[in-house]
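Asker: Take a look at the following structure, please.
Every read-out reported here was derived from the displayed coordinates using simple, explicitly stated rules and does not represent laboratory data. Nothing here was measured: the structure is a model prediction, and the numbers come from that model. When we count neighbours, we look across all protein chains shown, and the Cβ atoms used for this are built from the backbone with ideal geometry, even at glycine.
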């Protein structure tokens, strides 16, 4: 099984939504600002519940916020 | 750019873990050299004519332990008040799923250290000639090592953003 990597468009979506701050997004989603920063920097993959809540805040499908990039295994 | 700078700076929970690890290390540094010396001394005095001296040393050891633990509690309270004021917004935030995961993972590491330390201690007690007083100090040491690893791991996991 290859490694998986989840990337996201959160920063772009925040700016598209009236330059929403990380604090505002964190409050809307119900997580800490540090978690939003970690997710935006691809350093933390959120749970499905949090991922769906983020998509709900932006009013877009989940796949427009998060992308899954498979990396083929190195032999 | 501004967000990158913020990401590099430490958060309240990182500061809390770092300070707690430092406080535990400081207390261990202050307490254990003296406590181990006193415990060894009490062992040597464990003879009929040395009973009054043993009482005195026991009292010193008790005062040392109580003083060190009080120092740790006071240090932690003062430190957390200071970082709570400096990182007011961070400190007010409730723990979320990432915080809980960090706490669980760090707790697991601390537990492993505690478990290994206790098994080593039990092995020494079973095969070696360790007095109850020294055994108590070693047990105390194992607890402190476990706590130190737990706080240090919390800090590292936050920095790695697991």
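Asker: Looking only at B:152, B:65, B:21, which one moves most when chain B is put into a Gaussian network model with springs between Cα atoms under 10 Å?
Answerer: For chain B, modelled as a Gaussian network with Cα springs under 10 Å, the answer is B:65.
Asker: If r is the Cβ-Cβ distance from residue B:140 to residue B:95 and R0 is 22 Å, what FRET efficiency results, to the nearest 0.05? Walk me through the numbers on the way to the answer.
Answerer: Details: r = 29 Å, r/R0 = 1.33.
According to the calculation, E is roughly 0.15.
Asker: Right, something else. Starting from the coordinates of the alpha-carbon atoms of the range A:1-49, obtain the Kirkwood hydrodynamic radius over all distinct pairs and give the value in Å to one decimal.
Answerer: Working: mean 1/r = 0.0868 Å⁻¹.
Final number for the Kirkwood radius of the range A:1-49 is 11.5 Å.
Asker: Right, another one. Against the empirical 2.2 N^0.38 Å scaling, what ratio does the C-alpha Rg of the range B:48-162 come to?
Answerer: Values: Rg = 19.3 Å, N = 115, 2.2 N^0.38 = 13.4 Å.
In units of the globular-protein estimate, the range B:48-162 measures up at 1.45.
Asker: Residue B:131 versus residue B:115, label points 7 Å from Cα toward the beta carbon: distance in nm?
Answerer: Distance between the two pseudo-spin positions: 3.3 nm.
Asker: So if R0 is 35 Å, what FRET efficiency would residue A:41 and residue B:81 give, r being the distance between their Cβ atoms, rounded to the nearest 0.05? Show your work: numbers first, answer last.
Answerer: Values: r = 31 Å, r/R0 = 0.87.
The value I calculate is 0.70.
Asker: I would also like to ask the following. Each label point is 7 Å from the Cα along the Cα-to-Cβ direction; what then is the distance between the points at residue A:49 and residue A:24, in nm?
Answerer: For residue A:49 paired with residue A:24, the spin-label model returns 2.6 nm.
Asker: In addition: Give me the mean projected area, in nm² to one decimal, of the convex hull enclosing the Cα positions of the protein assembly as shown. Don't skip to the answer; put the middle values down first.
Answerer: Details: hull surface 72.7 nm².
With the hull built on Cα positions only, its mean projection is 18.2 nm².
Asker: Need the full-extension length gain, residue B:25 to residue B:108, defined as separation in residues times 0.36 nm minus the C-alpha distance. One decimal, nm.
Answerer: Details: separation 83, 0.36 × 83 = 29.88 nm, distance 1.95 nm.
Gain in length upon complete extension: 27.9 nm.
Asker: Order these by the 10 Å Cβ neighbour count, fewest first: B:124, B:12.
Answerer: Details: B:124 14, B:12 20.
If I rank by nearby Cβ atoms, fewest first, I get B:124, B:12.
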